[in-house]
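Notes follow once the structure below has been shown.
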Amino acid sequence: ACKYEGKCVIDKVTRNQCQECRFKKCIAVGMATDLVLDNNKRLAKRKLIEENRERRRREELQKTVWDRQEPTQEEWDLIRMVTEAHMSTNAQGNHWKQKRKFLSAAGVKETKPEDIGQASMVNAPEGNKVDIEAFSQFTKIITPAITRVVDFAKKLPMFCELPCEDQIILLKGCCMEIMSLRAAVRYDPESETLTLNGEMAVTRGQLKNGGLGVVSDAIFDLGVSLSSFNLDDSEVALLQAVILLSSDRPGLSSVERIERCQEEFLLAFEHYINYRKHKVAHFWPKLLMKVTDLRMIGACHASRFLHMKV
C-alpha cells in the first residue's frame, strides 16, 4: 500500500520507491493488466534471466576453448613422427591386454590375477622382502625394455643430431622414467595390475617385492591417476619426448640446444591437447605435473638400486 495516499510522483528516479503508484501509472499510460507479473511469474522470470546468463557464460567459455591454437602443419609432422617412433618401439602395441600373461609363483603364465601365488622371499639389505621369482622375471625383461627406449630415441632426428656424450646422458637419465610411463599407461583397473614391457602383468605387491620397493607404489599411483586421462598414442609419445629431452640432466654440454628441442615438442604437445579437447579440467597443467612425478620415480629408483643387493 502507498504511504502517501497514492500521490507519489513516479519518474525514472522514484519509480522503485512505491510499487502501487508505479503500477497505477503504468495502467494509466496504457499497459495491459494481463502483462502484470505475480510473485511466482516474477521468480520464474528471474530464474530464466539467470539461466540465460549462465548459458551465455558457458558459450563464451566453450568459444575460448575452441579458439585455442591447434597444431600447425609442421607440428603435425612432428607429432606423426614421434607417434610412429613410439608405436614401433612399444611392445605389443595396442594389443597388450590380449598378449599379457600374469606373474605367478611358478613364473609368467596365463592365469587370473586372483590365482597368483606367493613365491619364495629373501630379505634385501634395506629390510624389504624380495620375491625371487618376480626379481628373476624382471631382470629378463629389463634389457629389451631399455633397448626399446633407446630405439625410440634414435628415431627422433633432434636427438640423433646431439653430441654422442649428451645422447648417453639423456638416455641414462630417462630410461627408468619412460619405462615407468609405458607401464603406467597400461594400468588395468579391473585386475589392478600393470603390464611391463607389453607382456608381464604384475600386481602392486609383486612389483614391490620384485626389487622396486616403494618405487612400485609411485608407479602404480601414476597408473591409477593416468587411467582417467585417457591418453592416446600421440600423447604418450609426446610425453616421452619431453622426458627424453630434459636439459637439466647433469653433465650435458648442449643445454640450450636441448631446451629448444624440448620446447618444440612442448608447443606441439600443447596444441595437440587443444585439438583433442579433453573433458578433464585443467588437463594440460595436470598432465605436465606427471613429468615431475616421473622424474621423482627415476630419482628414487636410482637411489634404491645404488644400495640394493640380492
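The values are calculated or read from the model by the stated rules, or taken from the named source; none is laboratory data. Computed from a predicted model, the values in this text were never measured in an experiment. Cβ sites come from the backbone with ideal geometry, for glycine too, and all protein chains shown count toward neighbours.
Among all positions in region 237-244, there is at least one residue which is over 16 Å from the mean Cα position of the chain (by Cα) and at pLDDT 95 or above. Taking first residues from region 240-256 that are closer than 13 Å to LEU266 by Cβ and surrounded by fewer than 19 Cβ atoms within 10 Å (Cβ to Cβ) and partners that are modelled with pLDDT of 95 or more and β-branched (Val, Ile, Thr), the Cβ contacts under 7 Å between residues at least 6 apart in sequence or on separate chains come to SER247/VAL255; SER247/ILE258.
Figure legend. Inter-residue proximity from region 277-290: first residues assigned to a helix (DSSP H, G or I), second residues at pLDDT 90 or above and of a type in the set (Gly, Ala, Ser), beta-carbon distance below 8 Å, spacing 6+ or different chains. Indicated pairs: LYS290/SER225. Can you confirm whether GLU51 is at pLDDT 80 or above, exposed (fewer than 11 other Cβ atoms within 10 Å of the Cβ) and either assigned to a helix (DSSP H, G or I) or not polar (S, T, N, Q) (or both)? Judged against the criteria, GLU51 is a match. Pairs please, first residue from region 1-13 and under 14 Å from LYS25 (Cβ atoms), second anywhere and hydrophobic (A, V, I, L, M, F, W, C) and assigned to a loop (DSSP other than H, G, I, E, B), Cβ atoms under 6 Å, 6+ apart in sequence or on different chains. Hits for this filter: CYS2/CYS18; CYS8/CYS18. Note on region 153-209: residues that are part of a loop (DSSP other than H, G, I, E, B) and either buried (at least 19 other Cβ atoms within 10 Å of the Cβ) or β-branched (Val, Ile, Thr) (or both) amount to 7.
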